[in-house]
Structures are given as C-alpha cells and as structure tokens.
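Worksheet: one structure, shown below.
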Ligand code: NAD
C-alpha cells in the first residue's frame, strides 16, 4: 500500500490542510494509507477523531518518511530535508521565491509537483487549485470590502428613506474577479468590471455587471487564455478610461495578474485621491506586487481617506471550504500517480505530471526554476 502523509502546516497564518475527512475516505478507497499529523486539520475544523473515523492514521512528525507528502504551503528548508529519497511532494511551491527549498528537494532526490503549475487543460480541471482558491479569495474580498464600508450594499426602500446601492468596480475578470462580481451582485451592489481579455465581457455581463472596454484591449490575450504584459501606453489609456468610475465607486476590488510577472499598476495615488472619503479598495494582487500603488501586503491602511485592504492569503481566512476544495484538487492529482492496485506508477510523460514537476531524480525539471537556481549558484560561487 502506498503511504501518504499530511503534515500540520507550519508557515505563519496558514490554516488550511491538504486532506479533508472526505478525501481521507477516498484515499483509503484508492488503497492509499493516509497518515495525518495530529492537529493538522484543527484550524480548518477537522479533528483527529474525524480523520481517524475516515480511515486515516494519526501520527507525529515520523510521517515525513512516507512515499507521498501532501501539503498546502511550500515546505520549509528543514521540512524539505525530512522527505525521503524518491518521495513525491505535492503542494504549492512558488519555486521562483523558494529557490533554497527547491535546491534542498533536488539534492534530496525528491520529486516535487507544484499545484500552481498544473496545466489548465480540461482534463486537469479537477486539479486546478489556482481556480479553487481564487474562487474563495474573490468571495472573501467582497465581504471584507463590505465590512470596511460605512455604507450598506443593497438598494433599500424604507419608510426612513431610500438607500442607494453601493457602486463596485472590479479590475480583472478572471476566476477571482468573476466570483467577486457574482458575490457583489448577490449583495445588491451595482457592479462594473474591466479586463484586458475581451472574452471576459460576455462573462461579466452574464453576471449582471457592466463591462468597461479599454480601447486596444482586443489584442491583449496571450497564451493559455491569460493576459499579456501590457505597455505603459495601454495602462495609461486604461487608467483614463476607468478613472471616472473609480472616483464614483464605493468599493474597488483589484484582481489583475499576469502569470510570472509583477501585477500591473492600475490604481495610482491620484486615483486613490479622487475617491470618495470612506471608499474601500481590496487589492487581491498584493502578493504579486499589488494593483494599487498604496496597498501594503498583510495590512489594512488608510491613505487619502480611503481604506486599502492588502491582506494576503485570503483563502486561509475561509479554511474549511478552502481546504475541502484544495484537498479535492490534490486527490485528483494523487489518483493520476496510482495504478488500480494503489501502487505509485506515475507516467512522467503525462502532460499534467510533466507540466507540474519541479524536481525529479536529482534534477530541476522546471526550466525557469533551473535557470533561476543556476543564476543563484553562479552568484554565490
Ligand atoms: P490571473 O489570476 O492570471 O489574472 C486575473 C485577471 O486579470 C485575468 O482575467 C487577466 O486577464 C486580468 N488582467 C491582467 N491585466 C489586466 C489589466 N491591466 N486590467 C484588467 N485586467 C487585467 O487569471 P485567472 O483568473 O487565473 O485566469 C485567467 C484565464 O485563465 C481566464 O481566461 C480563465 O478562463 C482561464 N482559466 C482556464 C482554466 C481551464 O481551462 N482549466 C481554468 C482556470 C482559468
């Protein structure tokens, strides 16, 4: 039987866990012997007893010697050193930021699969953790915004007078942005949204929001349905197009990202200054540099009379559902590694496994990471 270990997450602020009681049961059905570190699910609402009832074994840190290790956050360097030679690690890896960890995984002969690198092809939709976690973040962004507003969100007609609906502007209508639009609409807000991918227009409109078209956006879609990096001229045109809407908005939610690049600067100081006192900005791109010039990672700040929410890792603030969804993504990837008897039999030529693999058999197989690591080693030599 293949052994799999789910450790307690050790990075500050991480409350999620890589297996839920439901996936523990499904892993047992797939003939995987799951070991869960005592207390690993507590912050997400899953007790040791519930995991044990689902067929998992509760263990201590000795579980690190398992064949498979399932995590949410990248391991620390010390954790990477505990993995056995030939073991397979599945987690978010952020290889560009975690070069030391990648180096340790490589030298330890660990195969590391990065959840964020799973190709976004139809066959791998069930493994798409970027989407499942962005859905949670988009939802929570609106709730955070609503909590910080001095206003109500819906149109209310009461004996004491009429309350106008809150005006919301959403930048970026990808997975998180569309969820933010849907959530704001459910709260009764009037929503406008913009994206550089014109295909997003129909999706935005189908949610009952208005699409703000920026001239020249038609050729901004790049490979894999993602946005291309935009020129300073385009970003200036976009700022001019949305400036009036931002000035009138009660809540601005920014979700715009370009894979592998710094997030585009969409809301500058002048735009913040133009907003109404008490308006709120929630910057979901804060971890990749921020869409708003004045947002600060991990903090809620007041600048120019506007509250700017730059909290990081929003999925961890909804740990139960975020974990349940993430655990399902991980389960789908684990199943791809197993044969019918539950033995590890990965086909490394498989597009999904080849695409998500960062280290394998003492090599760094993800080209951009290998390059970054080479440059780092060169510098320290
Ligand atoms: P993302 O997190 O990389 O970016 C969020 C959004 O920001 C994107 O919609 C992007 O176009 C937008 N953006 C970038 N620069 C902008 C700017 N200057 N102004 C406004 N918006 C800007 O993207 P994501 O949410 O992970 O997904 C983006 C794409 O991937 C979508 O087309 C989505 O449908 C597609 N996708 C496909 C699959 C699949 O096929 N399995 C799964 C998920 C997402």
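The values are calculated or read from the model by the stated rules, or taken from the named source; none is laboratory data. Given the structure is predicted, the values throughout are model-derived calculations rather than measurements. With ideal geometry, Cβ positions are generated from the backbone for all residues, glycine too; neighbour counts draw on all protein chains shown.
Just one of the listed residues (24, 28, 40, 18) is part of a helix (DSSP H, G or I) and surrounded by 24 or more Cβ atoms within 10 Å (Cβ to Cβ), and it is 24. Checking 214, 242, 272 one by one, the residue that is at pLDDT 95 or above and in contact with a strand residue (DSSP E or B) (Cβ under 9 Å, 6 or more places away or on another chain) is 272 and no other.
Residues being free of Cβ contacts under 8 Å to residues at least 60 places away in the same chain and assigned to a loop (DSSP other than H, G, I, E, B): count how many of those fall in the stretch 50-73. Number of matching residues: 4. Within the stretch 246-269, track down each residue that is within 13 Å of the ligand (Cβ to nearest atom), assigned to a loop (DSSP other than H, G, I, E, B) and within 15 Å of residue 180 (Cβ to Cβ). Once the filter is applied, which keeps residues that are within 13 Å of the ligand (Cβ to nearest atom), assigned to a loop (DSSP other than H, G, I, E, B) and within 15 Å of residue 180 (Cβ to Cβ), the stretch 246-269 yields 255, 256, 257, 266.
Scanning the stretch 121-148 for residues that are crowded, with 17+ Cβ neighbours inside 10 Å and not in a helix (DSSP H, G or I) yields a total of 1. The set of residues in the stretch 343-360 being assigned to a loop (DSSP other than H, G, I, E, B) and in contact with a helix residue (DSSP H, G or I) (Cβ under 9 Å, 6 or more places away or on another chain) consists of 345, 346, 347, 348, 350. Residues that are buried (at least 20 other Cβ atoms within 10 Å of the Cβ) and in contact with a strand residue (DSSP E or B) (Cβ under 9 Å, 6 or more places away or on another chain) within the stretch 93-116 comprise 93, 95, 101, 102, 105, 106, 110, 111, 112, 113, 114, 115, listed in sequence order.
Residue pairs whose Cβ atoms lie under 8 Å apart, separated by 6 or more positions or on different chains, with the first residue in the stretch 130-153 and over 19 Å from residue 259 (Cβ atoms) and the second assigned to a loop (DSSP other than H, G, I, E, B) and near the ligand (Cβ under 10 Å from one of its atoms), are 141/255; 141/284.
Criterion first (modelled with pLDDT of 95 or more and farther than 27 Å from residue 277 by Cβ) does residue 206 satisfy it? Criteria met by residue 206.
Of the residues screened, residue 177 is one that is near the ligand (Cβ under 10 Å from one of its atoms), in contact with a strand residue (DSSP E or B) (Cβ under 9 Å, 6 or more places away or on another chain) and either at pLDDT 95 or above or assigned to a loop (DSSP other than H, G, I, E, B) (or both).
Note on the stretch 188-210: residues that are outside any strand (DSSP E or B), more than 9 Å from the ligand (Cβ to nearest atom) and in contact with a helix residue (DSSP H, G or I) (Cβ under 6 Å, 6 or more places away or on another chain) amount to 4. Screening the stretch 354-372 for residues that are over 20 Å from residue 80 (Cα atoms) and touching a residue at least 40 places away in the same chain (Cβ under 8 Å) and picking the one that is surrounded by the fewest Cβ atoms within 10 Å (Cβ to Cβ) gives 368. Has the stretch 160-169 got at least one residue that is in contact with a strand residue (DSSP E or B) (Cβ under 7 Å, 6 or more places away or on another chain), away from the ligand (no atom under 16 Å from the Cβ) and touching a residue at least 40 places away in the same chain (Cβ under 8 Å)? Checked against the condition, which is being in contact with a strand residue (DSSP E or B) (Cβ under 7 Å, 6 or more places away or on another chain), away from the ligand (no atom under 16 Å from the Cβ) and touching a residue at least 40 places away in the same chain (Cβ under 8 Å), the stretch 160-169 yields at least one hit.
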